[in-house]
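Scroll down for the structure; my scribbles are underneath it.
The values are calculated or read from the model by the stated rules, or taken from the named source; none is laboratory data. Please read all numbers here as calculations on a predicted model, not as lab measurements. FYI the Cβ positions are ideal-geometry reconstructions off the backbone, even for glycines, and counts take in every protein chain you see.
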Amino acid sequence: AAVPAAPALADAAMRAAARLPAHLEGHGYDVDGIPELREAIAARYRARGLPTEADDVMVTVGAQHAIGLLASVLVHRGDRALVEQPSYPHAIQALRDAGARLVGAGVGVDGWDEDMLEQTIRRTRPALAYLMPDFHNPTGRTMPEDQRARIVALAEAHGVTVVADETTAELDIDRATAHPPLAVHGSPGAVVLVGSVGKTVWGGLRVGWIRAGRPLLRDLARARSARDLGTPVLEQLVVAEVLGGMDGILVERRARLGETRDHVEAELARRFPGWEVPHVDGGLAVWVGIGAPVSTELALAARSRGLAITGGSRFGHDGAFERFLRIPITAPPAATDRALDILEDAWRGLAPDAGRPAAGREHDVVDRSVLV
């Protein structure tokens, strides 16, 4: 799920290009990020209620790069890492690549299963917990403030570093209360924040960041220097310009997402009356219950008709969620209608028992395709 470029991006890029000559006398290598962007990111955190300085921030090549870098430093091969079930597929893969053994805690239409999460932390003592508390991907749920405080306290008491993915946190459509960053809870360094402009401004602007305690940032810098030499300076300048006008961009984004969300939810309810379509207050997608364990088959059938959509099993680390489908809410109504026409045809094309695993074998139906 993604949005087209914000209208303000082109002008921001032109202003950034005009500022580039001032940086050309240097070597251009900086694993921490240029000071003006780190300060702009810190200012956004301060505006959201979290005291932050530029030295608390590292700029990365997008959020996915940030998650992979954190996994490589915080997880040793064989360590356990807690992920939500379902969760962001690329975070799952980054933790696996770091050698983590994954343990899960459920997130459903009613939110986080706090009892399960607590039991999992106490039983497995993971090195890291990857959470997405705002407009969770893929369910769209938001964690209540009192639950945030309890979960951070629990993790800190058991020595678990919480990595909170905030890439969609500001894509609020009509949530009653905006939450401060998760790191307002717990002691300094207990919660590491990951952010980016990929979901709010444009996916082609590959700039993200990590807000963390300075000892961890030093470890990340040492690890990063063996992999890459920093984020492109021109793109950092573009993001510094964009963040200065971010409030206006978010107003436009929220209005657009409100219209497209309403259209998607209404059309899904009309076309697929047997599906469960929960209402979401923000984010980029809705997590739909399709009533049968055929999500992978449905996604592949849609792809064969020209529609790329993600089957539910891609969001589970054990091949679960075959009864769910993530539907983006980002496309204009006309494009949504064309996509749902294809999805309807693919759904009708599934024979009554096609693709349904034998009893007890639901989890064997796992999407190994290249759908994203």
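If you scan region 289-304, which residues turn out to be under 14 Å from R323 (Cα atoms), part of a helix (DSSP H, G or I) and more than 23 Å from the chain's Cα centre (by Cα)?
First pass over region 289-304, keeping only residues under 14 Å from R323 (Cα atoms): 289-299.
This time we only want the ones that are part of a helix (DSSP H, G or I), so: 295-299.
Result: E297, L298.
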#### Entry: Qualifying positions in region 42-66 - in contact (Cβ under 8 Å) with a residue 60 or more places away in the chain and closer than 15 Å to A169 by Cβ
R44, Y45, R48, G49, L50, T52, A63, A66
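Hey, among L343, L300, L307, which residue is in contact with a strand residue (DSSP E or B) (Cβ under 9 Å, 6 or more places away or on another chain), modelled with pLDDT of 95 or more and farther than 23 Å from V109 by Cβ? Write out each step before concluding.
Values: L343 fails: farther than 23 Å from V109 by Cβ; L307 fails: in contact with a strand residue (DSSP E or B) (Cβ under 9 Å, 6 or more places away or on another chain).
The unique qualifying residue is L300.
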### Cross-chain or 6+ apart pairs with Cβ under 8 Å, region 138-152 first and over 23 Å from P89 (Cα atoms), then among the charged types (D, E, K, R)
Q147/E114; R150/E114
### Query
Is there a residue in region 104-125 that is in contact with a His (Cβ under 7 Å, 6 or more places away or on another chain) and either under 24 Å from G49 (Cβ atoms) or assigned by TED's automatic domain parsing to the domain that holds L325 (or both)?
no
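Taking A266 as the residue in question, decide whether it is hydrophobic (A, V, I, L, M, F, W, C), assigned to a helix (DSSP H, G or I) and over 30 Å from A16 (Cα atoms). Break it down into steps so the answer makes sense when it comes.
Values: hydrophobic (A, V, I, L, M, F, W, C): yes; assigned to a helix (DSSP H, G or I): yes; over 30 Å from A16 (Cα atoms): yes.
Yes.
Which of the residues belonging to region 305-332 are over 16 Å from the mean Cα position of the chain (by Cα) and touching a residue at least 60 places away in the same chain (Cβ under 8 Å)? So that I can check it myself, show each step before the final result.
Here is the first cut: in region 305-332, the residues over 16 Å from the mean Cα position of the chain (by Cα) are 305-309, 311, 313, 318-325, 331-332.
Passing the criteria: A308, I309, G311, D318, A320, F321, F324, A331, P332.
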### Close pairs from region 169-187: first outside any loop (DSSP other than H, G, I, E, B), partner among the acidic types (D, E), Cβ under 9 Å, at least 6 apart
D172/D134; D172/D281; L182/D134; L182/E166
### Message
I need every pair where a residue in region 1-18 that is part of a loop (DSSP other than H, G, I, E, B) has its Cβ under 7 Å from the Cβ of a residue that is among the aromatic types (F, W, Y), sequence separation at least 6 or different chains.
### Response
A5/W202; A6/W202
